[in-house]
Amino acid sequence: MAEAPHPPIPSFVHHRSRLTEGQQHAWDRWWSERGRDVPDLLSGAEPYDPPAWFGRTAPLVLEIGSGMGESTAALAAATPEVDHVAVEVFEPGLAQLLMRIADAGLPNVALLRGDAVALLRERVPPASLAGIRIFFPDPWPKRRHHKRRLVQPEFVALAASRLAPGATLHLVTDWDHYALQMRAVCDAEPLLENTAAREPGGWTPRPPWRPVTKFEQRARTEGRAVHDLLYRRTPS
Ligand SMILES: C[S@@+](CC[C@H](N)C(=O)[O-])C[C@H]1O[C@@H](n2cnc3c(N)ncnc32)[C@H](O)[C@@H]1O
């Protein structure tokens with residue numbers, strides 16, 4: 001008898017972390033309005049319905065691993081015509097984004113708590129997204145942990161299939177080894193083309209509109225180069 005396939009290895013380790021008082025306050029005030037749990041979307045207890053969440057139909061960008069929400073909030077404020085869905089497993093980060101929402105309003109941000117990979121696979125329709133952003137994904141630097149890295153061939157094929165033709169996959173990392181892996185995996189994906197194929201190394205020059213987060217600041221302090229990669233979904 002064939003063995004059941006192993007479940008995919010998650011790209012995150014879930015630590016329960018306490019919220020600060022401010023985060024808890026924001027959570028109690030805003031989560032029920034802005035947040036949803038991925039398991040509820042997967043089970044069907046809650047529909048995956050961005051037009052209902054935002055009260056409009058607009059280009060939809062999914063951010064995987066929004067961390068403390070600095071980029072999400074800044075980019076949502078800069079592009080009010082685009083709806084942003086931040087997917088994260090780290091509750092204090094989601095709560096911090098809710099605090100930013102409390103400050104800035106940001107009607108074009110929705111939060112999802114849980115695994116973005118399962119969400120993409122099981123709920124996000126093919127060719128439905130205007131963009132996917134993955135900024136500073138966990139680098140899993142030890143060789144024996146490389147299998148936990150998010151950006152692997154199977155994941156990139158899934159992500160590409162969820163992008164509308166012409167939509168973009170934007171990856172950023174400060175780990176050289178992971179940057180090379182990202183570029184090799186995305187170059188090999190037939191549904192993607194590198195928008196910076198003519199740039200040295202195929203890296204996209206750092207877009208001035210991408211906010212500097214803690215991770216980028218730390219990379220600068222520690223002397224690590226930061227690489228942006230911007231791929232476009234091909235028309236076919
Ligand atoms: C190193 S942090 C970067 C945060 C943020 N993008 C930034 O630039 O500051 C990576 C984040 O990705 C989240 N993450 C990793 N795998 C995930 C997954 N499969 N679904 C949702 N979030 C994930 C982790 O919880 C973590 O907060």
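The values are calculated or read from the model by the stated rules, or taken from the named source; none is laboratory data. Here the structure is a predicted model, which is why all the values come from computation and not from measurement. Virtual Cβ from ideal backbone geometry, glycine too; neighbours counted across all protein chains shown.
Sub-8 Å Cβ pairs linking a first residue in the range 137-155 that is of a type in the set (A, V, I, L, M) to a second residue that is more than 13 Å from the ligand (Cβ to nearest atom), at least 6 apart or interchain, are V151/Q181; V151/M182; V151/V185; V151/C186, ordered by first then second residue. Counting only helices (runs of 4 or more DSSP H) wholly contained in the range 84-189, the ones carrying 2 or more residues that are under 21 Å from Q23 (Cβ atoms) occupy 91-104.
Restricting attention to the range 190-230, the residues being part of a loop (DSSP other than H, G, I, E, B), within 16 Å of the ligand (Cβ to nearest atom) and among the hydroxyl-bearing types (S, T, Y) number 1. Taken together, R100, R34 contain a single residue that is modelled with pLDDT of 95 or more, within 16 Å of the ligand (Cβ to nearest atom) and of a type outside the set (A, V, I, L, M, F, W, C), which is R100. Restricting A164, A159 to residues that are more than 16 Å from the ligand (Cβ to nearest atom) and either crowded, with 18+ Cβ neighbours inside 10 Å or over 13 Å from the mean Cα position of the chain (by Cα) (or both) narrows the list to A164.
Could you figure out which of (1) within 14 Å of the ligand (Cβ to nearest atom); (2) out of contact with any Phe, Trp or Tyr (no Cβ under 7 Å at 6 or more places or on another chain); (3) polar (S, T, N, Q) isn't true of Q181? Among (1) within 14 Å of the ligand (Cβ to nearest atom); (2) out of contact with any Phe, Trp or Tyr (no Cβ under 7 Å at 6 or more places or on another chain); (3) polar (S, T, N, Q), Q181 violates only (1). Screening the range 60-83 for residues that are among the charged types (D, E, K, R) and not in a helix (DSSP H, G or I) and picking the one that is farthest from the ligand (Cβ to nearest atom) gives E81. Taking first residues from the range 218-236 that are free of Cβ contacts under 8 Å to residues at least 60 places away in the same chain and partners that are part of a loop (DSSP other than H, G, I, E, B) and among the aliphatic types (A, V, I, L, M), the Cβ contacts under 6 Å between residues at least 6 apart in sequence or on separate chains come to A219/V226.
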